[in-house]
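So the structure is just underneath, and the comments pick up after that.
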Amino acid sequence: MSDDNRLGDYLRARRELVTPESVGIPAHGVRRVAGLRREEVAMLAGISADYYLRLEQGRDRNPSLQILEALAHVLQLDATATDYLLRLGAPRPRTRGRWPRPETVPTATAQLLSVIGLPAFVEGRYLDVLAANPLVTLVSPNVRVGENRLRSVFLDPTERALHPDWARTAPRLVAGFRNRIGDRIDDPRVVQLVGELSLGSEEFRKAWARHDVKPIQSRSIRMDHPQVGELELALSKLAIEGTDGQMLVIYHAEPGTESADKLTLLSNLATGAPRSPDVGTNDSALPDRAPPRWVGRTE
């Protein structure tokens with residue numbers, strides 16, 4: 001992505017994902033471009049082909065709201081992606097190198113992690129793990145303070161093995177990250193992280209090049225846990241008041257299910273309580289070592 005032409009890069013990436021048939025254009029003969037041609041986007045949006053070319057090339061950076069909304073319709077963007085497009089097209093204030101402050105977990109949130117009784121952690125604006133309780137580390141070993149969720153998901157084979165639906169969920173993590181950073185693409189931490197992941201993972205490069213954006217929302221996940229087997233969990237993300245984008249992330253299972261029983265077993269391990277004999281797991285595979293103590297940065 002070009003630091004100085006974010007709007008044009010986004011338009012180009014999304015144009016290549018729209019098929020002619022989906023917008024009522026017959027696809028006759030051999031097409032030399034993926035998706036729609038520039039002139040087709042311009043025609044459908046009701047603007048000149050020359051003006052649209054200037055937008056993609058970054059020679060015009062102040063399109064009207066009406067033009068951006070027309071382009072969003074042609075490019076079949078949902079509400080989240082449309083909002084992202086509008087932000088890219090809005091004039092950017094001069095920041096004079098001012099970047100977000102270091103992230104600090106509120107004391108009350110840190111206390112909540114220690115008593116919540118569910119696997120939980122605090123995720124920062126760059127998807128760093130800022131704080132975590134012992135139970136979440138037993139559920140997912142890479143969720144520990146100092147790790148980055150994008151780096152773990154795309155660069156650590158053990159993380160991929162933990163998620164049977166990795167091919168579907170990993171690109172969604174990228175789309176959520178892009179939505180959260182918004183127009184902070186030139187933030188030094190974003191540049192460093194995207195560069196590292198682009199060099200280390202072809203899957204990340206492909207997902208990043210799509211320019212997908214997704215809202216932060218709760219969802220269900222499956223995990224193939226090496227100790228207790230398959231887990232079906234809900235993953236809830238709650239915004240932490242008074243922070244710049246921090247989220248409280250909680251894994252939980254439907255009460256009365258086998259996954260809930262397995263979480264109870266892992267919780268007993270985290271607290272040192274006796275193991276329950278009622279959960280169908282390979283007990284010999286369970287660790288005898290003490291779980292890690294919770295650590296994290298607090299105010």
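Structural remarks
- Output for segment 239-270, where each listed residue is over 24 Å from residue 224 (Cβ atoms) and among the small types (Gly, Ala, Ser): 239, 242, 245
- Within segment 146-165, the set of residues being hydroxyl-bearing (Ser, Thr, Tyr) and either closer than 19 Å to residue 248 by Cβ or in contact (Cβ under 8 Å) with a residue 24 or more places away in the chain (or both) comprises just one member, 152.
- Scanning segment 156-165 for residues that are hydrophobic (A, V, I, L, M, F, W, C) and either part of a loop (DSSP other than H, G, I, E, B) or surrounded by 17 or more Cβ atoms within 10 Å (Cβ to Cβ) (or both) returns a single hit, 162.
- Selected residue (criterion: least open to solvent (accessible area, probe 1.4 Å)) from residues of segment 218-244 that are within 29 Å of residue 79 (Cβ to Cβ) and in contact with a Lys or Arg (Cβ under 7 Å, 6 or more places away or on another chain): 235
- The C-beta contact set for segment 62-75 (first residue closer than 24 Å to residue 20 by Cα and without any contact (Cβ under 8 Å) to a residue 60 or more places away in the chain, second residue open to solvent by 10 Å² or more (accessible area, probe 1.4 Å) and not aliphatic (A, V, I, L, M), distance under 7 angstrom, 6+ apart or interchain) comprises 70/46; 72/82.
- The residue of segment 52-94 that is most open to solvent (accessible area, probe 1.4 Å), among those that are of a type in the set (Ser, Thr, Tyr) and more than 18 Å from residue 39 (Cβ to Cβ), is 64.
- Selection from segment 102-145 of residues that are over 19 Å from residue 158 (Cα atoms), open to solvent by less than 20 Å² (accessible area, probe 1.4 Å) and either acidic (Asp, Glu) or free of Cβ contacts under 8 Å to residues at least 40 places away in the same chain (or both): 123
The values are calculated or read from the model by the stated rules, or taken from the named source; none is laboratory data. Model, not experiment: these values are computed from the prediction. Virtual Cβ from ideal backbone geometry, glycine too; neighbours counted across all protein chains shown. For the accessible areas, the whole protein counts, side chains as well, though only heavy atoms, and no ligand, DNA or RNA atoms are used. Shrake-Rupley method; radii C 1.70, N 1.55, O 1.52, S 1.80 Å.
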